[in-house]
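The values are calculated or read from the model by the stated rules, or taken from the named source; none is laboratory data. This is a predicted model, so every value here is computed, not measured. With ideal geometry, Cβ positions are generated from the backbone for all residues, glycine too; neighbour counts draw on all protein chains shown. We work out accessible area using only protein heavy atoms, side chains counted, and drop any ligands, DNA or RNA first. Shrake-Rupley method; radii C 1.70, N 1.55, O 1.52, S 1.80 Å.
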Amino acid sequence: MSTDSSAISTQKTVIEFKSSTFVVPAIIIHSADLTQIGDSINHKIKQTPEFFKNSPVLIDIQNLSTKQVSLNLASLLKLIRATTLIPIALRGGTAEQNQLALKSGLFIQSLQATLDADKSLQAIPTMQHTVSAVIITDTAHSPIRTDRRKVKSSAAISKIVTSPVRSGQRLYSEGDLIIMAHVSAGAEIMAEGNIHVYGSLRGRALAGVMGKTESRIFCTDCQAELISIAGNYKVTDDLDPTMQHKPVQIYLQDQALIIKEL
Amino acid sequence: MARIIVVTSGKGGVGKTTTSAAISMGLAKKGHKTAVIDFDVGLRNLDLIMGCERRVIYDLVNVINNEASLNQALIKDKRCDKLYILPASQTRDKDALTLEGVGKILEALSEDFEYIICDSPAGIEKGAHLAMYFADDAFVVTNPEVASVRDSDRMLGILASKSRRAENNEEPIREYLLLSRYSPERVKLGEMLSVEDVQEILSLNLLGVIPESKSVLNASNAGTPVILDEKSDAGQAYADIIDRYLGVNKPHRFIEEEKKGLFNKLFRGK
């Protein structure tokens, strides 16, 4: 986007505004004890000094705010700035803390915006509704953890589709995939978790595509072209003909696909 | 604002152009100002079926390239003054069409037409994509055989994901099924899929069944939309389709085997 106005048309473009995105680690604060926080940060930095060298961080104090634990944000900022980390934003603070953060040159990231962004990443441009339950498991008890780990950890997202999946369409879900209509021949539905089809399944269904062997496929009328669980597959010809047009579940047992009537 | 209807199928030879000609004439006869556009650039046929091939001077591609105005290219039908035809170019190919060009034409037509019928080419490539991209309604023409049904299913998937309405997250295109070349006798013998078989696969709103009929070929050869042949079964089937589309509740016909010679009950008071 060039911003040439007539006044500066002879000059080169001096500035440009462009949208850009980057991933920033978040420090999630679980305790208001500054010494404890300081020790933990230094311990963490010592483990991977290169990673944390001049790294921007987002300070997330949502946990403390919900528990109504008061935190001395000014001191916390001082403490973090004394390390190699560069605090750039605050999330989940109270109104006062937000004011202070803004004065200290941090921007305020709203939690709602984060959730919306997560949702839009999952949205697929067809007619399905993404029902998101972005569950962020909170297992780490250390006072600090980085956002990176959070992204990798289980974000279980199920997808519900209410319109027919037509021939040639491909659907993918990072969690379970629930189809409330039929799946046409020549369509392909894939899920990292389980697949449920409340209608005729005539296309291909692949559950546990990332290797989750305990995934299952459920359908009310099985006429599938191909079924697969964690890479173990069968095509129509290999399927037991007595199971055709029946409500079945399909699961994996000792590397073998078991098809059982429901 | 005009309602834009695409007549599409995926597969070729199922009766898209026949249907486009019939429904555009049907809507115009009901008093709605209607334009019908041939998107089959390179395989121009609509003008033949509409019987206006000798009056084609400019075409769709000329208008897109600003070589002619829309009014110069539109051909007014001689039988019905509410109907206009925008023919395709026979000397170009589908790459001559552009999204912006088609969008502009449809926008301009929307200003003084009530219905715009887009006659889609076969296939799912550029011509078919542009024909359906701006649509509000889709008439999916299907023959009662597996390949046609499969292709229609594929087309429905594209309608649901690649149209302007889908891309802008608007209300989806309304999809209607037109089952053409239907022969109850052959269904009975098990040589043809039945209406129920097709509906089981496509689950669509059935707008009408058009029986296999000699009158269709005769009408095409004569350059008359078959809907004008009010005595023929196919003509009546299309008339029913127009009524149903305009909201009149009519029972479906031509699904069961009928004794020949009994279609003379003329019900139209025109």
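General remarks:
- For beta carbons closer than 8 Å, sequence separation of 6+ or different chains, a first residue in the range A:92-112 that is assigned to a strand (DSSP E or B) and a second that is among the β-branched types (Val, Ile, Thr), the qualifying pairs are A:PHE107/A:ILE88.
- Selected residue (criterion: nearest to the other protein chains (Cβ to nearest Cβ)) from residues of the range A:162-196 that are part of a strand (DSSP E or B), surrounded by fewer than 24 Cβ atoms within 10 Å (Cβ to Cβ) and within 19 Å of the chain's Cα centre (by Cα): A:LEU171
- Unique residue being within 13 Å of another protein chain (Cβ to nearest Cβ), touching a residue at least 12 places away in the same chain (Cβ under 8 Å) and under 20 Å from the mean Cα position of the chain (by Cα) when the list is B:ARG79, B:ARG154: B:ARG154
- The number of residues in the range B:113-149 that are touching a residue at least 60 places away in the same chain (Cβ under 8 Å), within 14 Å of chain A (Cβ to nearest Cβ) and not in a strand (DSSP E or B) comes to 6.
- Of the helices (runs of 4 or more DSSP H) contained entirely in the range B:4-112, those carrying at least 2 residues that are open to solvent by 30 Å² or more (accessible area, probe 1.4 Å) and either more than 22 Å from B:LEU207 (Cα to Cα) or of a type outside the set (Ser, Thr, Tyr) (or both) fall at B:70-73, B:99-112.
- Every residue from the range A:41-53 that is open to solvent by 30 Å² or more (accessible area, probe 1.4 Å) and under 23 Å from A:ASN72 (Cα atoms): A:ASN42, A:HIS43, A:LYS44
- Residue that is nearest to the other protein chains (Cβ to nearest Cβ), among those in the range B:167-191 that are aliphatic (A, V, I, L, M) and open to solvent by 30 Å² or more (accessible area, probe 1.4 Å): B:VAL187
- Count of the range B:30-54 residues which are out of contact with any Cys (no Cβ under 6 Å at 6 or more places or on another chain) and more than 17 Å from B:THR91 (Cβ to Cβ): 11
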